[in-house]
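Asks: I have a structure here, written as structure tokens, and I will follow up with some questions on it.
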Amino acid sequence: LGVIVAAILAVGAFVIFTGDKSDSSQLTDFDYSIGQKLGSDEAPVKIVEFGDFQCPACATAAENYEKIYLQNPDKVQLIFRHFPLTEIHRNAYSSSQAAEAASKQGKFWEMYRVLYINQSSWSELSDPLGFYVEAAKQIGLDEDQFRKDYTSDEVKQAINQDSDYAEKVGINQTPTFYVNGERYLGTRSIEDWQQAVDAALK
């Protein structure tokens, strides 16, 4: 029995260890021209987020994600790409529509903040469009244009393109980040982000 228990523990430790190691993998072929950007294209460090606006972990991660840009405005560019987990989040896709529609009037990051900060207010609504419209007006968008863009094929195509790419490269959870192609999963402290940026700069 002792041998069996020891063997089980050894296998368990191996699974945990290899799971940790799999949190980081390298992608070198990113097309950084795609996605919603914050910061200069000349920035040497590109941090790509694949996110779901209804994901609680994404909402938690959002503050430090923006902070690392604010701490390194000449060195870091943030790029958001949509990965709505529609199987488990009923309003994930529609919230991506709202954010992408806001981008058509140059206010993606303003909508990004509103959606994450107020996630509990809209995430379980049977029809969240009313919330999105009020949020659009709050950040200064033209309501008629927002409604038109929200349902447009162009907006849906952008979301689907991001989701298809995420699946192609094996992303299966949110938030998933890439720092110059190096994968990082889940929420991170501002200190952890700074270490990742410093490592990328080296």
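The values are calculated or read from the model by the stated rules, or taken from the named source; none is laboratory data. All values reported here derive from a predicted model rather than from experimental measurement. Here the Cβ is made from the backbone with ideal geometry for all residues, glycine too, and neighbour counts use every protein chain on show. All accessible areas refer to the heavy atoms of the entire protein, side chains included, with ligands and DNA or RNA removed. Shrake-Rupley method; radii C 1.70, N 1.55, O 1.52, S 1.80 Å.
Asks: Just to verify a result, which residue in region 33-61, among those that are outside any loop (DSSP other than H, G, I, E, B) and open to solvent by less than 10 Å² (accessible area, probe 1.4 Å), is farthest from Gln173 (Cα to Cα)? Give the derivation first.
Replies: Keep residues of region 33-61 that are outside any loop (DSSP other than H, G, I, E, B), which gives 36-38, 45-51, 56-61.
Subset that is open to solvent by less than 10 Å² (accessible area, probe 1.4 Å): 45, 47-51, 58, 61.
On the way: Val45: 23, Ile47: 17, Val48: 14, Glu49: 11, Phe50: 9, Gly51: 9, Cys58: 10, Ala61: 13 Å.
Within region 33-61, the match that is farthest from Gln173 (Cα to Cα) is Val45.
Asks: Sort out which residues of region 63-99 are touching a Gly at 6+ places or on another chain (Cβ under 8 Å) and either assigned to a helix (DSSP H, G or I) or open to solvent by 20 Å² or more (accessible area, probe 1.4 Å) (or both), and write them in order of number.
Replies: Tyr69, Pro73
Asks: Separate question: Only one of these conditions is not met by Gly106: (1) in contact (Cβ under 8 Å) with a residue 12 or more places away in the chain; (2) within 20 Å of Asp149 (Cβ to Cβ); (3) assigned to a loop (DSSP other than H, G, I, E, B). Which number is it?
Replies: Here Gly106 meets the rest and fails (1).
Asks: Every residue in region 124-153 that is touching a Ser or Thr at 6+ places or on another chain (Cβ under 9 Å) and of a type in the set (Ser, Thr, Tyr), please.
Replies: Tyr132, Tyr150
Asks: Also, quick follow-up: Are there any pairs with C-beta distances below 6 angstrom linking a residue in region 177-202 that is under 9 Å from Ile68 (Cβ atoms) to a residue that is open to solvent by 50 Å² or more (accessible area, probe 1.4 Å), with the two at least 6 apart or on different chains, and if so which?
Replies: Final answer for the pair search is Ile190/Lys67.
Asks: Going by the structure shown, is Asp164 part of a helix (DSSP H, G or I), in contact (Cβ under 8 Å) with a residue 24 or more places away in the chain and among the acidic types (Asp, Glu)? Break it down stepwise before answering.
Replies: Details: part of a helix (DSSP H, G or I): yes; in contact (Cβ under 8 Å) with a residue 24 or more places away in the chain: no; among the acidic types (Asp, Glu): yes.
So Asp164 fails the test.
Let's see how each residue does on (1) within 16 Å of the chain's Cα centre (by Cα); (2) among the charged types (D, E, K, R):
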{"site": "Ala57", "(1), (2)": "yes, no"}
{"site": "Ala61", "(1), (2)": "yes, no"}
{"site": "Tyr93", "(1), (2)": "yes, no"}
{"site": "Ala101", "(1), (2)": "no, no"}
{"site": "Lys107", "(1), (2)": "no, yes"}
{"site": "Tyr112", "(1), (2)": "yes, no"}
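Asks: Identify, by number, the condition in (1) in contact with a Gly (Cβ under 7 Å, 6 or more places away or on another chain); (2) within 15 Å of Trp193 (Cβ to Cβ) that Glu49 doesn't meet.
Replies: Single failed check for Glu49: (1).
Asks: Out of all the residues in region 182-202, which are basic (Lys, Arg) and either touching a Cys at 6+ places or on another chain (Cβ under 8 Å) or buried (at least 17 other Cβ atoms within 10 Å of the Cβ) (or both)?
Replies: Pass one, region 182-202, residues basic (Lys, Arg): 183, 188, 202.
Within region 182-202, Arg183, Arg188 qualify.
Asks: Do you know which of the residues in region 167-182 that are in a loop (DSSP other than H, G, I, E, B) and of a type in the set (A, V, I, L, M) is nearest to Cys58 (Cα to Cα)?
Replies: Going through region 167-182, the residues in a loop (DSSP other than H, G, I, E, B) turn out to be 169-175, 180-181.
Subsequent filtering for residues that are of a type in the set (A, V, I, L, M) retains 169, 171.
Working: Val169: 19, Ile171: 14 Å.
The residue in question is Ile171.
Asks: If a residue has to be of a type in the set (Phe, Trp, Tyr) and more than 9 Å from Glu100 (Cβ to Cβ) to count, how many in region 144-161 make the cut? I'd like the intermediate steps shown before the answer.
Replies: Of the residues in region 144-161, the ones of a type in the set (Phe, Trp, Tyr) are 146, 150.
Keeping just the survivors that are more than 9 Å from Glu100 (Cβ to Cβ) gives 146.
The number of residues fulfilling the criteria is 1.
Asks: Which members of region 119-151 meet the condition of being outside any helix (DSSP H, G or I) and open to solvent by 30 Å² or more (accessible area, probe 1.4 Å)?
Replies: Within region 119-151, the subset outside any helix (DSSP H, G or I) is 123-128, 139-142, 151.
Of everything in region 119-151, those that are outside any helix (DSSP H, G or I) and open to solvent by 30 Å² or more (accessible area, probe 1.4 Å) turn out to be Glu124, Leu125, Ser126, Asp127, Gly140, Asp142, Thr151.
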